[in-house]
């Protein structure tokens, strides 16, 4: 079944999308698609990975820099890790960047640089989960996969007036979305539902009067659209604490560490520091008269808030740092640091 009553949802939504599709640098417009232009799977994949947990506005510039510097998946696969992580800095969720490289290299090495075109084969690639596999399969290869992101969940919850809270209602919402996914133009349809949620069926104050699905929308009829989708209340985020140590030599070289590959900010450069916990011990990287800077760094991750105290000392000329890195002023670039470490740098520079 692909309609609600006598109303053909997918056809109406595609008609609306043909007129109102958002313009994005990774998207092929409905007009170009009708003329035979096919989306580049590399650009679709890259955009979907970047858009996870991030807004379209935040992603545009990153996407343009990535595709200018690495225009193909083979070029990205051959890029040094530090360069890619440096370009990614600021987008957050750095495990995505590590998986981005793993996936690019798997496509280059195991698939001759050609993205597989089915859900199951895409799902087998590093870092690609059910949502991303469905999105690439539908958008890049026009396969009738059901794409379920936050926008689609909201549209389905309101269209069918589903009051069971997320995340428990995800299977029911996906089933509803699947009944509407057409065999014709499924890629455009997937983008149409996402556009509808992003521009009209918005989280707050949905503009139901101009919605192409206002007639069959059950929550509009019931007057409950502003209450949906319901969500299970989240537990308050805990606060953790830590120390970081910034040391500079007379020639302006800085002392850095590379974080372990596994874990938060894995593989990224940062300042030497303590663990992040309720009561972290002070763990300076070498003996010195370390001075605490006034103020603190505050940063929020997905599961906790972090407060860092910043310590500084001169970096000895003869220090052999073992597992640490001494980076000269000509090599160091702030953008190689993740956001929380750049905040520490900014506080230090401000002193």
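Tabulated results
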{"read-out": "Matching residues in the stretch 301-311 - criterion: being farther than 17 Å from residue 270 by Cβ and at pLDDT below 95", "value": "302, 303"}
{"read-out": "Residue check, residue 120 surrounded by fewer than 18 Cβ atoms within 10 Å (Cβ to Cβ), in contact with a strand residue (DSSP E or B) (Cβ under 9 Å, 6 or more places away or on another chain), in a helix (DSSP H, G or I) and in the same structural domain as residue 178 (by TED's automatic domain parsing)", "value": "no"}
{"read-out": "Test: residue in the stretch 41-59 that is in the same structural domain as residue 135 (by TED's automatic domain parsing), modelled with pLDDT of 95 or more and out of contact with any helix residue (DSSP H, G or I) (no Cβ under 7 Å at 6 or more places or on another chain)", "value": "no"}
{"read-out": "Residue check for residue 178: in a helix (DSSP H, G or I) and surrounded by fewer than 19 Cβ atoms within 10 Å (Cβ to Cβ)", "value": "yes"}
{"read-out": "Any hit, the stretch 276-284, residues being within 26 Å of residue 95 (Cβ to Cβ), assigned to a loop (DSSP other than H, G, I, E, B) and within 21 Å of the chain's Cα centre (by Cα)", "value": "no"}
{"read-out": "Residue list for the stretch 253-270, restricted to those being within 15 Å of residue 333 (Cβ to Cβ) and either part of a loop (DSSP other than H, G, I, E, B) or under 18 Å from the mean Cα position of the chain (by Cα) (or both)", "value": "253, 268"}
{"read-out": "Search result, residues across the stretch 157-174 that are crowded, with 23+ Cβ neighbours inside 10 Å and either under 21 Å from residue 55 (Cβ atoms) or more than 23 Å from the chain's Cα centre (by Cα) (or both)", "value": "157, 158, 159"}
{"read-out": "Selected residue (only one of 59, 28 is assigned to a helix (DSSP H, G or I) and over 22 Å from residue 155 (Cα atoms))", "value": "59"}
{"read-out": "Residues located in the stretch 68-78, provided they are free of Cβ contacts under 8 Å to residues at least 40 places away in the same chain and either assigned to a helix (DSSP H, G or I) or closer than 28 Å to residue 302 by Cα (or both)", "value": "68, 69, 74, 75, 76, 77"}
{"read-out": "Hey, residue 242 assigned to a loop (DSSP other than H, G, I, E, B) and either in contact with a strand residue (DSSP E or B) (Cβ under 7 Å, 6 or more places away or on another chain) or under 29 Å from residue 82 (Cα atoms) (or both) or not", "value": "no"}
{"read-out": "Test result for residue 309, more than 17 Å from residue 253 (Cα to Cα), in the same structural domain as residue 255 (by TED's automatic domain parsing) and touching a residue at least 24 places away in the same chain (Cβ under 8 Å)", "value": "yes"}
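Okay, residues lined up against (1) without any contact (Cβ under 8 Å) to a residue 24 or more places away in the chain; (2) assigned by TED's automatic domain parsing to the domain that holds residue 57; (3) assigned to a helix (DSSP H, G or I):
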| site | (1), (2), (3) |
| --- | --- |
| 143 | no, yes, no |
| 154 | no, no, yes |
| 188 | no, yes, yes |
| 194 | no, yes, yes |
| 201 | no, yes, no |
| 204 | yes, yes, no |
| 220 | no, no, yes |
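The values are calculated or read from the model by the stated rules, or taken from the named source; none is laboratory data. Keep in mind it's a predicted model, so treat the numbers as computed, not measured. Neighbour counts are summed over all protein chains in view; Cβ atoms, including those assigned to glycine, are modelled from backbone coordinates with ideal geometry.
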